[in-house]
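Below you'll find the structure, written out as C-alpha cells, and then a few comments.
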Amino acid sequence: MSRRWIQNPNRCADEYLDGIEDFIEFARRHNPGATRIRCPCRRCNNTLFESIENVGFHLVRNGMIETYSIWNLHGEQVDHASSSNAPRVDNVEPIGDPNDQVMGIIQDAFPFASTNINQEGEEDLPTPIDSAEFEQYEKLLKNANQELYPGCENFSVLTAIVELMHGKIKYRMSNLCFDYFLGVFKRMLPTDNCLPKDHKHAQKVLHGLGLGYEKIHACKNNCMLFYKEHETLDTCPICNESRFKMTSQNRTTKIPQKVMRYLPLKPRLQRLYMSTHTATDMRWHKEKRVDDDVMRHPADGEAWKEFDRTFPEFAADPRNVRLGLATDGFNPYGVLNQHHSTWPIFAFPYNLPPWKCMKKEYMMMTVLITEDPGRSIDVYLRPLVDELKDLWTNGVRTYDKSTGRMFTLRAAVMWTVNDFPAYAMVSGWSTKGYMACPVCKEDVTSGWHAGKVCYLGHRRWLPWDHEWREKDKEFDGNTERRLRPREWSGDEILEQLNRLDFAPFGKTVSRTRPSTHLNWTHKPMFFELPYWSKLKLRHNLDVMHVEKNVFDTLVGTILDIEGKTKDTIKARLDLERMGIRRGLWMNRDSDKARRDLAFFSMKPNDKKEFLKFVSSVKFPDGYASNIARCVNVDGGKFTGLKSHDCHVFMQRLLPVGIRHLLPEDVVKPIMLLSRFFSQLTAKTLRRTDMFQLRHDIVQVLCKFEMIFPPAFFTSMIHVMVHLPEEALLAGPVNYRWMYPIERLLGELKKSVRNRAKPEGSIIEAWVQYESLTFCGMYLKDVETVELWRQTLRDEEIIIVAQK
C-alpha cells in the first residue's frame, strides 16, 4: 500500500483524506478493543494517547509526521534483517495493558536476558549478562508475572509498585506518607495480596531497574580522593589528615571524614540506546537535522562542525554521544545554614532533538560533592575524567534497540556551562582582578576606578579607521590605537600551562600566586582528555547570569537606587581625577561637595511614573512571574527580582518604560541592548543576525563609555562583547545557559528529607527518579502531562522553522 499521501502538503486532498481512513482502519484492525491509540500527528508526535476519532481529527488539522511511513507503533511488524541496511525504526508494539507495558521495561533494561538477536560476526555478539544482573532480572520477571492478588488481571506486583512509586516521586510524598497509604491499600485488597508493606520493601523490588552510585572517601581538606592506588590509605599523604573520624573504640565501623558520590556515566549512556523511546532520537542530530543558515541546535554551530572535521572517525557514527557538563552550588537547608553548600555535576547529551535536549528527564547527575570545592574541584572530577578518557579511547559495547545490534559507544565533552565563579573553578582562570575576563586574558583593558577594578577599552573592537578611536575626552581621556585582544587556541593554552608549576590542591596549601602565572590557579584536569585542546569553545559564558547582572547594574544606575547605582561619589571623584566629563564633577559650594543627579538618571517624579508603569503590567499566565510584587513605588526601587524576572524586564518592559523619561542619547543604546539580548536568547539564530549583533554590542558598549562613568563597567558588562562569538560557535544559548540547571537544583533542594545527611537524601531521591523516569516512558497512564505539553510546543516551533 503506497503511503506517499503522508508527504502531501494539501491536507484537504482526496488522496490525503483517503490515506487517513486507511490508517484509522489499520489501527482498529491491529488494536482490537482499544479505545485510545498513539496519535502520529506532528503535534502529538506518537507520545500522547487519544481516542481514535480524535486521532483522525488531529491528522487533518496538524498533518502526520512525514517520516512515519512504517506504522510500527500501531501494530505493523518490522522484520529486522541481519544486514546493516535494515531500516532502523523503533519496534514498539501498541501496548494497552499495564502489565505488558512493564514487561517492555524489563525487556529493554535487560535486552539479552530473554531475547535472541540475529547477529553477524563475533563483534556483534552481546556482552554476556553476569550472574548478579541475571538474578535481578529473574526477581523483576517474577514480580512482573505475579498477580497483585489471586484473580487480578490488570495489575501485577511490579506494575502496582511502579505506578505507586511514580506517583510518590511526581507529587513529592514523604516516606511516612507513602507508608501510610501503602498500608491502607494493603488492607483494602484481599488478605492474600502481594503488595509490599512499606516504602523500603517497594524499593527492594525496583532495585534492579536502578543504576546505582559509588561512595568515594575524600580528604577532609580536599587534597585528594582515596581512590584507585590510594584506596587503602588511612591518612592523606599531602596534609596527614586522618581519613576517618575519631569514634569510640567499641565501634566496629569507621566513619569517613568526607564522602563524595559518583554515579557512573557508562550505564546511563547505554540506557539511552537500550530504551525503545530514545534510541532513534539519539541520531537526530545527524539524520533529521536541517542544515541551513538557521541555527536551531548545537550541531549547527561552528564548534561542532570543526570537531567533526578534526575527528572524522568519531563523527562517522552518529550514535557517538556529545556531552555538555554543568555544575553549581546550592544550600540544601534553605536559610537555616548559610555556610553549607552542595555541588552536583551534571552531564546532558546533545544528540537529542531540541524538544528533548536539556530536559530534566535526560540530564544525568555524575558527581555530588558535599561542600564548595573551590579550585580543588579537579580532585572530585578525577573519576569522571577517567571514565571520559576511557569512553573516548576504548568506548563501551552497547546494544542499540533501534537496530537490534551491538556497537561501540564513544563519548566526548563539547564544553562546560557554569556561572562566573564556577567558570573560574572549572577553567583554572580566576575571574577576579585585573585580568578577570577569561577570553581576553592578560590582554584585557582594565584599571582601578572608584575603588574597584573596571574594564574599558571596547573601542578596540571597532574598525581601524573608525572616528571614535581618535576621540579622547568623550571616553577615558586617551585615543585608542590598539587592535582587539588576540584569541588563544587550546594548544597555546596547554603549552602555557605546561610551563607553569602549580601548588597541590587542598585547603592547607598556600594560595600565593606568582606573577608569571597571570590569573591561572591550576591546570584543569579536562586537558587530560585527548581532544580538549582541539575544541573551539571549552567553557561557556552563562547568558542567564550575565543578563541578570547587566540588568541590575543598568537599572540601578538609571534609577539612582542607593547601594546599586554605579554613579557614586567615588565615581564622580574618579572623573575629576581623569579630567573628563566636567558636567559630572562634584558640585562644590563653600566647604561642601554635592553630587547632583546625572543626566542619565531619572528625576524623582519620572522614577515614580516608571515604577507605576511596571507595577501595572499584566503578563499572560506562565509567561512571567508577578513582577508587580517586586516594585516598591514609595521606596523608588525593586526588591526580590529573580533571574527570569530580569530576563523579561530587560527585553519587554525596559525599552518601553524609559522612552519618554530619559534623553534620547541614553535611550537609544539601552533599546539596542534590549534588542541584543532578545535576539541572542531566541530559540533559533541566523548567522547573519549574529554578525550584526557582534557589531551592535560594540556600538552599545562604546556609547555606554561616553555616557556612564568608568565605575559602571564591571566584568559582566565587559563579557557581553564575547557573547555573539560564542553563539556562532555553539548555537542557541538555551542549550548553554543555567536556567535548566537552576530549576533542577531547586528540585533537588526539595528532595532533602534527612537534614542531618542532605547529600544522602539527594542521591537516593535522584537514583529513584532515574529508574522511575525510565519506567514512565513506557506507562501511558503516568506520563507527566506538563512536560509533554512543553516539549510539544518546542517541537512545533522547530518543525515550523524547518519548513
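The values are calculated or read from the model by the stated rules, or taken from the named source; none is laboratory data. All of these numbers come straight from a predicted model, not from anything done at the bench. No Cβ is skipped: glycine too gets one built from the backbone with ideal geometry, and neighbour counts run over all protein chains shown. Calculation scope for accessible area: heavy atoms of the full protein, side chains included, ligands and nucleic acids excluded. Shrake-Rupley method; radii C 1.70, N 1.55, O 1.52, S 1.80 Å.
Structural remarks
- Taking the criterion of being open to solvent by less than 10 Å² (accessible area, probe 1.4 Å) and within 14 Å of Cys219 (Cβ to Cβ), the residues of segment 378-394 that qualify are Asp378, Tyr380.
- Condition met for Asp372 (acidic (Asp, Glu) and open to solvent by less than 10 Å² (accessible area, probe 1.4 Å)): no
- Glu153 crowded, with 18+ Cβ neighbours inside 10 Å, touching an Asp or Glu at 6+ places or on another chain (Cβ under 9 Å) and of a type in the set (D, E, K, R): no
- Filtering Asp100, Asp79 for residues that are open to solvent by 50 Å² or more (accessible area, probe 1.4 Å), among the acidic types (Asp, Glu), part of a helix (DSSP H, G or I) and modelled with pLDDT under 75 leaves a single hit, Asp100.
- Criterion (more than 30 Å from Ile569 (Cα to Cα) and assigned to a strand (DSSP E or B)) met by exactly one of Thr398, Thr403: Thr398
- Residue count for segment 211-232, restricted to those that are under 24 Å from Gly374 (Cα atoms) and in a loop (DSSP other than H, G, I, E, B): 10
- Matching residues, segment 292-317, being of a type in the set (D, E, K, R) and within 13 Å of Thr684 (Cα to Cα): Asp292, Asp293, Arg296, Asp300
- Here Ala132 clears all of (1) modelled with pLDDT under 85; (2) open to solvent by less than 70 Å² (accessible area, probe 1.4 Å); (3) not in a helix (DSSP H, G or I) except the condition numbered (3).
- Complete set of residues in segment 475-528 that are surrounded by 13 or more Cβ atoms within 10 Å (Cβ to Cβ), basic (Lys, Arg) and within 30 Å of Gly579 (Cβ to Cβ): Arg484
- Residue within segment 347-367 that is over 13 Å from the mean Cα position of the chain (by Cα), touching a residue at least 60 places away in the same chain (Cβ under 8 Å), part of a strand (DSSP E or B) and surrounded by 22 or more Cβ atoms within 10 Å (Cβ to Cβ) present: yes
- Listed by first and then second residue, the pairs linking a residue in segment 731-756 that is farther than 19 Å from Met365 by Cβ to a residue that is surrounded by fewer than 17 Cβ atoms within 10 Å (Cβ to Cβ) and not aliphatic (A, V, I, L, M), with Cβ atoms under 7 Å apart and 6 or more places separating them unless they lie on different chains, are Pro732/Lys683; Asn734/Lys683; Arg755/Tyr333.
- Qualifying position, being open to solvent by less than 80 Å² (accessible area, probe 1.4 Å), touching a strand residue (DSSP E or B) at 6+ places or on another chain (Cβ under 7 Å) and at pLDDT below 75, among Thr127, Thr115: Thr127
- Scope segment 151-167; condition touching a residue at least 40 places away in the same chain (Cβ under 8 Å) and assigned to a helix (DSSP H, G or I); matching residues: Val157, Leu158, Thr159, Ile161, Val162, Glu163, Met165, His166, Gly167
- Considering (1) touching a Gly at 6+ places or on another chain (Cβ under 9 Å); (2) at pLDDT below 95; (3) buried (at least 17 other Cβ atoms within 10 Å of the Cβ); (4) within 21 Å of Thr366 (Cα to Cα), the lone condition that Thr276 does not fulfil carries the number (4).
- Scan of segment 559-570 for residues that are of a type in the set (A, V, I, L, M, F, W, C) and either assigned to a helix (DSSP H, G or I) or open to solvent by 10 Å² or more (accessible area, probe 1.4 Å) (or both), ordered by number: Ile561, Ile569
- Test: residue in segment 213-233 that is at pLDDT 90 or above, buried (at least 17 other Cβ atoms within 10 Å of the Cβ) and on the phi > 0 side of the Ramachandran plot: yes
- Enumeration of residues in segment 168-209 that are assigned to a helix (DSSP H, G or I), open to solvent by less than 20 Å² (accessible area, probe 1.4 Å) and closer than 27 Å to Asp108 by Cα: Lys168, His199, Ala202, Leu206, Gly208, Leu209
- Any hit, segment 246-261, residues being touching a helix residue (DSSP H, G or I) at 6+ places or on another chain (Cβ under 9 Å), under 24 Å from Ala412 (Cα atoms) and either open to solvent by less than 50 Å² (accessible area, probe 1.4 Å) or small (Gly, Ala, Ser) (or both): yes
- Every residue from segment 326-335 that is open to solvent by less than 10 Å² (accessible area, probe 1.4 Å) and among the hydrophobic types (A, V, I, L, M, F, W, C): Ala326
- Subset of segment 428-459 that is in a helix (DSSP H, G or I) and open to solvent by 10 Å² or more (accessible area, probe 1.4 Å) - its residue that is farthest from Ile493 (Cα to Cα): Asp443
- Looking only at residues of segment 10-44 that are among the basic types (Lys, Arg) and within 19 Å of Leu779 (Cα to Cα), we find that the one that is modelled with the lowest pLDDT is Arg36.
- Residue among Val555, Val509, Val543, Val550 that alone is within 19 Å of Asp419 (Cα to Cα) and either aromatic (Phe, Trp, Tyr) or out of contact with any Ser or Thr (no Cβ under 8 Å at 6 or more places or on another chain) (or both): Val550
- Complete set of residues in segment 374-392 that are under 14 Å from Pro524 (Cα atoms) and either among the charged types (D, E, K, R) or modelled with pLDDT under 95 (or both): Gly374, Arg375, Ser376, Asp378, Arg382, Asp386
- Filter result (outside any helix (DSSP H, G or I) and closer than 21 Å to Asp665 by Cα) within segment 688-721: Phe708, Pro709, Phe713
- Qualifying position, being touching a residue at least 24 places away in the same chain (Cβ under 8 Å), closer than 30 Å to Phe307 by Cα and surrounded by fewer than 22 Cβ atoms within 10 Å (Cβ to Cβ), among Met706, Met716: Met716
- Some residue of segment 399-416 being free of Cβ contacts under 8 Å to residues at least 12 places away in the same chain and either under 21 Å from the mean Cα position of the chain (by Cα) or surrounded by fewer than 20 Cβ atoms within 10 Å (Cβ to Cβ) (or both): no
- The set of residues in segment 1-35 that are of a type in the set (Ser, Thr, Tyr) and in a helix (DSSP H, G or I) contains only Tyr16.
- For segment 571-687, the helices (runs of 4 or more DSSP H) that sit wholly inside it and include 3 or more residues that are open to solvent by 60 Å² or more (accessible area, probe 1.4 Å) and farther than 30 Å from Val721 by Cα are 604-616.
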